Amino acid sequence: MFESLGMAPPDPIFGLTEAFLKDTNPEKVNLSTGVYSDASGKTPVLAAVKKAEERILKKETTKSYKPIQGAPEFGEIVQELLLGSGHEVIVSQRGATAHTPGGTAAIRLVADSVKQLSPSSTIWLSHPTWANHPNIFRSAGLRVRSYSYFDKANNQLDFHKFLHALREIPAGDVVVLHGCCHNPTGLDPDREQWARIASVLTDRKILPLVDLAYQGFGEGLEEDTVGLRELCRPGCEMMICSSFSKNFGLYNERVGALTVLARSQKEAQAVLSHVKVSIRAHYSNPPAHGGTIVTTILHNTKLRSLWEGELRQMRNRINGMRTLFVESMAARGVPRDFSFVREQKGMFSLSGLSKDQVQRLRDKYSIYIVESGRINVSGMTEANMATLCDAIASVL
Ligand code: LMR
């Protein structure tokens, strides 16, 4: 069966980190995978996480299975973080949450649900989008198309074209929206634009899937849900895939959530029952540790405030690096204005570097950037900034 099998292509994102780790150049810089690095270039375990783990270690009495959808208290805390306590969805219980191994599994579960409940629906992705989005939906056997989002010439959100594209999408299809810190462009709609998006989706009867992987990295925990909360109108149906990989630094614990919003508690529970069948087929039930860490931190006032402070620090450091990068490129007198990098939100910047320039940065300088030109800004440090900017200036 395996004899004539060739190699599959490397993953467009993780494949780069694999190559980076093998690179022996001491000056190498990894700006590929969306993992936060601190000023020393390390990906730290947050202090709030370490403290929570100490408590868990002392208190834990069993390693027995979690329920298929995860612990109920995890679901409650997820909904509170997404929508704010006292939200109509929470009070009416028309939302149901499953604890998933990362945001990726949540998206895959949505894909399976759509395939099962509405197999002829098309999935609409922003152009550009996270490189793994099409992969996940196609693996579930769904048709994928893209909608306009980005004005490449001006490095801006092309809101006019975006809204126009949404209006053309047939009823019953699914639109994937990045809740905040759009990956890869770093460009998000503002509140007023989100409200207009919400009206189009409601009028057209399109199901939104909100992918919220970077809550807290844009402007703040609550500020980053402004779009989600605009979309979340009374009676709406929605799928929300959220992740704690980035904002808790829990990448390898695989902790995320799928939250289904339906018109009533009964309908939400019906959707959840199908999601549970899918979970059972994929991974049976979620790994406990990451979810217990998140719940422990969010249930404890001191740990929560420690975590919020650490999240703020990560956000501020990235914004500091954006400014330093823009200034450093300007100081080199390059024929391109990079000031747009300062306006983008979250971990990423779509730099405008071409495929060829990205390849030369890798071959000549051991600087690793995703082929689309997406840069993980958090990989920048004061120590590697000069090397990085000299290299970019030379390939421009
Ligand atoms: C990224 O976009 O680099 C991250 O979300 C990591 C991943 O899973 O691709």
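Can you compute the helix-only [θ] at 222 nm over the chain? Use -39500 (n - 2.57) per DSSP H run of at least 4 residues, normalise by all residues, nearest 500 deg cm²/dmol.
Mean residue ellipticity at 222 nm (helix-derived): -14000 deg cm²/dmol.
By how many nm would the segment from HIS127 to TYR65 lengthen if fully extended, with 0.36 nm per residue of separation less the alpha-carbon distance?
Full extension from HIS127 to TYR65 adds 18.3 nm.
Please check which bits of segment 281-312 a label hung off ARG55 would reach, taking the label as a point 7 Å along Cα-to-C-beta and the cut-off as backbone N under 18 Å.
Taking a point 7 Å out along Cα→Cβ of ARG55, the residues of segment 281-312 whose backbone N falls under 18 Å are 288-311.
With unit charges on the beta carbon (Lys/Arg positive, Asp/Glu negative), name the residue among PRO287, THR381, ILE297 whose Cα is farthest towards the positive pole of the charge dipole of the chain.
PRO287
Using only Cα atoms, figure out Rg for segment 226-309 and give it as a multiple of 2.2 N^0.38 Å.
1.28
Roughly how many nanometres apart are two label points built 7 Å out from the Cα toward the Cβ at ARG143 and ASN316?
Taking the simple label geometry, ARG143 and ASN316 are separated by 5.1 nm.
Over segment 65-299, what percent of the accessible surface lies on carbon and sulfur atoms, probe 1.4 Å?
Heavy-atom surface of segment 65-299 belonging to carbon and sulfur, 1.4 Å probe: 49 percent.
Determine the alpha carbon to alpha carbon distance for each of LYS63/LYS115; LYS51/LYS276; LYS50/LYS302; LYS66/LYS302 and list only those over 23 Å.
LYS63/LYS115; LYS51/LYS276; LYS66/LYS302, as the Cα separations exceed 23 Å there.
With charges set only on the Cβ (+1 for Lys and Arg, -1 for Asp and Glu), what does the dipole of segment 65-299 come to about its Cα centre, in debye to the nearest 20?
900
Considering just Cα atoms, how many Å³ per residue does the convex hull of the chain enclose?
Roughly 159 Å³ of hull volume per residue.
Over the chain, with the other protein chains present, what is the accessible area per residue in square angstrom, probe 1.4 angstrom?
Per residue, the chain has an accessible area of 47 Å².
I'd like the orientation of helix 288-299 relative to the chain: the angle between its Cα long axis and the longest Cα principal axis, in ° from 0 to 90, rounded to 10.
90
Which part of segment 317-338 falls in the paramagnetic zone of ASP390, meaning amide N under 17 Å from the point 7 Å along Cα-to-beta-carbon?
The answer is 325, 328-334.
Tell me the relative contact order for segment 65-299 as a rounded percent, counting alpha carbon contacts under 8 Å between residues six or more apart.
Across segment 65-299, relative contact order equals 30 percent.
Between GLY172 and residues 5 or more places away or on another chain, which pairs have amide H atoms under 5 Å apart, with H built 1.01 Å from N, and which residues are they?
ILE206, LEU207
Modelling each spin label as a point 7 Å along the Cα-to-Cβ direction, I'd like the GLN93/ASN252 distance in nm, to one decimal.
4.0
Tell me, what HN-Hα J-couplings in whole Hz come from the Karplus equation 6.51 cos²θ - 1.76 cosθ + 1.60 at θ = phi - 60° for each residue of segment 277-286, using x for Gly and Pro?
Here the 3J(HN,Hα) series is 4, 5, 4, 4, 6, 8, 9, 6, 6, x Hz.
Could you order ARG315, ARG342, ARG138 so the one with the most accessible surface comes first? Probe is 1.4 Å.
ARG138, ARG342, ARG315
Taking the Cα atoms only, what angle lies between the long axis of helix 301-331 and the longest principal axis of the chain, rounded to 10 degrees?
That works out to roughly 30 degrees.
Along the Cα→Cβ direction, 7 angstrom out, place labels at GLU18 and GLN359. What is the inter-label distance in nm?
That separation, rounded to one decimal, is 2.0 nm.
Please list LEU207, LEU57 from largest to smallest accessible area, probe radius 1.4 Å, with all protein chains kept in place.
Highest to lowest solvent-accessible surface, that is LEU57, LEU207.
Working from Cα positions, state the angle (0 to 90°, nearest 10) between the long axis of helix 385-395 and the longest principal axis of the chain.
The helix 385-395 is inclined about 70 degrees to the chain.
In whole angstrom, how far apart do the alpha carbon centroids of segment 76-153 and segment 210-233 sit?
For segment 76-153 versus segment 210-233, the Cα centre distance is 14 Å.
Keeping all protein chains in the complex and leaving out DNA, RNA and ligands, what accessible area do you get for ASP337 with a 1.4 Å probe, in Å² to the nearest 10?
110
Find the centroid of the Cα atoms in segment 279-317 and in segment 321-396, then give the distance between the two in whole Å.
Each part's Cα centre sits 31 Å from the other's.
How large is the accessible surface of ARG280 in square angstrom, using a 1.4 angstrom probe and rounding to the nearest 10?
Surface accessible to solvent at ARG280 totals approximately 140 Å².
Calculate, in nm to one decimal, what GLU371 and ARG280 gain on full extension: separation in residues at 0.36 nm each, minus their alpha carbon distance.
29.2 nm
HN-Hα J couplings of segment 181-195 from phi, Karplus 6.51/-1.76/1.60, θ = phi - 60°, integer Hz, Gly and Pro as x?
6, 3, 9, x, 7, x, 10, 10, x, 8, 4, 5, 5, 4, 5
Run through the DSSP bridge list for the chain and note the antiparallel percent, rounded to the nearest 5.
Of all bridge pairs located within the chain, approximately 45 percent are antiparallel.
Can you give me the relative contact order of the chain as a percent, contacts being Cα pairs under 8 Å and 6 or more apart?
Relative contact order for the chain comes out at 26 percent.
Placing +1 at every Lys and Arg Cβ and -1 at every Asp and Glu Cβ, with all other atoms neutral, what dipole size does the chain have around its Cα centre, in debye to the nearest 20?
580
What is the extension gain from SER120 to GLU76, computed as 0.36 nm multiplied by their sequence separation minus the C-alpha to C-alpha distance, in nm to one decimal?
The SER120-GLU76 span can extend by a further 12.6 nm.
Taking 8 Å as the Cα distance limit and 6 or more residues as the minimum spacing, I'd like the relative contact order of segment 252-370 as a percentage.
14
The values are calculated or read from the model by the stated rules, or taken from the named source; none is laboratory data. These numbers were taken from a predicted model, which means no experiment stands behind them. Cβ sites come from the backbone with ideal geometry, for glycine too, and all protein chains shown count toward neighbours. Heavy atoms of the whole protein, side chains included, go into the accessibility calculation; ligands, DNA and RNA do not. Shrake-Rupley method; radii C 1.70, N 1.55, O 1.52, S 1.80 Å.
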